[in-house]
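The values are calculated or read from the model by the stated rules, or taken from the named source; none is laboratory data. Computed from a prediction, not measured in an experiment: that's the story for all the values here. Cβ placement follows ideal geometry from the backbone for every residue including glycine, while neighbour counts extend to all protein chains displayed. Each accessible area value is taken on the protein alone, full model and side chains, heavy atoms only, with ligands, DNA and RNA left out. Shrake-Rupley method; radii C 1.70, N 1.55, O 1.52, S 1.80 Å.
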Amino acid sequence: TVSSSPKTMAQQQQGTSAQDGSLIALIGDEDTVTGFLLAGVGHKDFRQNTNYLIVDSKTTTKEIESTFLSFSQRTDVAIIIIAQNVANEIRHLIERYDKAIPAILEIPAKDQPYDPSQDTMLTRVKTLLGIQ
């Protein structure tokens, strides 16, 4: 028989297995998010909260802002991956974001190339390192 710690058993009873800082959160188009979900990144807790948002033409900027703020305050999220075109919609929030964890990683969108000059985190790192 396999013995489990009380914490693990409690997590199983609640329907969650995520530990602090163990998840990757996703905000992007359907194809990008689906690819990550197929790779096993998806998570749904016992309250049916997910670690992803699929952004389409019907998604409002308020929804994106709310999801980003929620992900950035969750203790079980280590990295927020966001498509750059979506990040551009909430650039004001990303520029004010100053935490190390969860880290923000901007990736290219399906139909748009990655532009390093728009990546807030990359710009900060280059400034800190004195790279132009």
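Could you please find all residues in region 100-120 being open to solvent by 20 Å² or more (accessible area, probe 1.4 Å) and closer than 13 Å to D29 by Cα?
Selection gives I107, P108, K110, D111, Q112.
Taking the condition of being in contact (Cβ under 8 Å) with a residue 60 or more places away in the chain and open to solvent by 70 Å² or more (accessible area, probe 1.4 Å), how many residues in region 32-47 meet it? Before you say what the answer is, go through the steps one by one.
Looking only at region 32-47, we keep the residues that are in contact (Cβ under 8 Å) with a residue 60 or more places away in the chain, and these are 32.
Pick out the ones that are also open to solvent by 70 Å² or more (accessible area, probe 1.4 Å) and you get none.
So the count comes out to 0.
Quickly run through region 29-72 and pick out the residues that are of a type in the set (D, E, K, R) and under 20 Å from R91 (Cα atoms). Walk me through it before giving the result.
Within region 29-72, the subset of a type in the set (D, E, K, R) is 29-31, 44-45, 47, 56, 58, 62-63, 65.
Those that are of a type in the set (D, E, K, R) and under 20 Å from R91 (Cα atoms): D29, D56, K58, K62, E63, E65.
Among the residues of region 64-77, is any within 19 Å of T32 (Cβ to Cβ) and of a type in the set (K, R)?
Checked region 64-77: no residue is within 19 Å of T32 (Cβ to Cβ) and of a type in the set (K, R).
Restricting to region 121-132, and then to whatever is β-branched (V, I, T) and open to solvent by 80 Å² or more (accessible area, probe 1.4 Å), can you tell me which residue is nearest to I27 (Cα to Cα)?
From region 121-132, those β-branched (V, I, T) are 123, 125, 127, 131; that's our starting set.
Add one more test, that the residue is open to solvent by 80 Å² or more (accessible area, probe 1.4 Å), and what stays is 127, 131.
Values: T127: 26, I131: 29 Å.
This residue is T127.
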